Amino acid sequence: MGDNFEDLVSDLSSFSVSNEENCAVSRIDLYKTKTSKQDQEARRTKLLERQKNDREKRLLALRNIEEESDSPRKTNPFRNQLMLSEWLQDRPADFEDNWLCKAAPVGHRTLVVAHKGRTESYTKSGYRTDSFPSFLPGGNNCSRSSYSLLDAVWCEENQTFYILDLICYGGHPVDNSEAEFRFYWGATKFSEDIPEISSQQRKNKYTMKWLESSSCDKESLARLLGQEKDFAVDGILFYHKMGHYSAGPTPLVGWLKPDMLNKVLGLDLDLSSYLMGET
């Protein structure tokens, strides 16, 4: 596969859940205009069915990303490429069986792009914030021919990128893979292929850490909340196991602040430290 990664990210947007205007809507705006519980569940079901129908079209499009185009780009290919959550309205019927969750750090949501021997970070709106070497495939001079795209949270305080999800790794797009596989593959790559990426070095300017996922039963959620972390928790992200990675807001990714977990999910978790702000 070639290194025309810009065609990849541009191509991904054609399979987004929402149009570009909706992609720019903040989570607060989505909360203020909450949809009904029934509507959110219905949209999940419809989107999962659409994923099945789009699979072949997506695979065909991704096979063609190597083709170079001589026409100048009129849009920023990195704008609105991140997948955004919706406020979780209630506990899904298949919550324990078909959902995974991650604790999200306080920080800035970032698209991390490694290509041609450099790693670049972009805001949700496509503004480049930094360019540096990393151990990601494509991110340093030893792997110029490869490329990778990751969904991350940048924490300025400890100079760390916390990786939420994979879009493409080592030239292999995984956006059309289910979340359960992406999380397994990402955890495996970070722990076995590039374990050195978790420390700052000359060829790896910033620390990058893969955020582990958890099951959504009460015991697993309690362990996730109780684990010692090197970051302040902003909230909990909930991913449907079968959800693909798509740009923009999606009902297949939910979001709750820690102090909302018991009320929305009908649980009795110990949230005392979060209620006191001791994250």
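The values are calculated or read from the model by the stated rules, or taken from the named source; none is laboratory data. Given the structure is predicted, the values throughout are model-derived calculations rather than measurements. Quick reminder, even Gly has a Cβ in these numbers, built from the backbone with ideal geometry, and neighbours come from all protein chains shown. Only protein heavy atoms, including side chains, enter the accessible area calculation; ligands, DNA and RNA are left aside. Shrake-Rupley method; radii C 1.70, N 1.55, O 1.52, S 1.80 Å.
Numbers below:
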read-out	value
Residue pairs meeting the criteria (Cβ under 6 Å; at least 6 apart or on separate chains; first farther than 22 Å from ASP193 by Cα, in the stretch 125-140; second open to solvent by 30 Å² or more (accessible area, probe 1.4 Å))	SER125/ARG79; GLY126/ASN76; GLY126/ARG79; SER131/ARG118
Filter result (in contact (Cβ under 8 Å) with a residue 60 or more places away in the chain, open to solvent by less than 40 Å² (accessible area, probe 1.4 Å) and of a type outside the set (A, V, I, L, M)) within the stretch 108-118	HIS115
Residue within the stretch 204-218 that is closer than 28 Å to ASN141 by Cβ and exposed (fewer than 14 other Cβ atoms within 10 Å of the Cβ) present	no
Whichever residue in the stretch 50-97 is of a type in the set (Ser, Thr, Tyr) and more than 21 Å from the chain's Cα centre (by Cα) and, among such residues, is modelled with the highest pLDDT	THR75
Candidate set: the stretch 194-217, residues that are modelled with pLDDT under 95 and of a type in the set (D, E, K, R); chosen: the one farthest from GLY243 (Cα to Cα)	ARG202
Filtered residues of the stretch 170-203 (kept if in a loop (DSSP other than H, G, I, E, B), of a type outside the set (D, E, K, R) and over 12 Å from LEU136 (Cβ atoms))	VAL174, ASN176, SER177, SER199, GLN200
Residue match in the stretch 257-270 (condition: in a strand (DSSP E or B), among the charged types (D, E, K, R) and either open to solvent by 40 Å² or more (accessible area, probe 1.4 Å) or farther than 29 Å from ARG79 by Cβ (or both))	no
Failed item, numbered, when GLY243 is tested on (1) outside any strand (DSSP E or B); (2) open to solvent by less than 10 Å² (accessible area, probe 1.4 Å); (3) within 25 Å of THR119 (Cα to Cα)	(3)
Condition broken by GLY235, with the remaining ones in (1) in contact with a Pro (Cβ under 9 Å, 6 or more places away or on another chain); (2) closer than 20 Å to TRP154 by Cβ; (3) not in a strand (DSSP E or B) satisfied	(3)
Selection count, the stretch 144-161, where residues are among the polar types (S, T, N, Q), surrounded by fewer than 22 Cβ atoms within 10 Å (Cβ to Cβ) and in a strand (DSSP E or B)	1
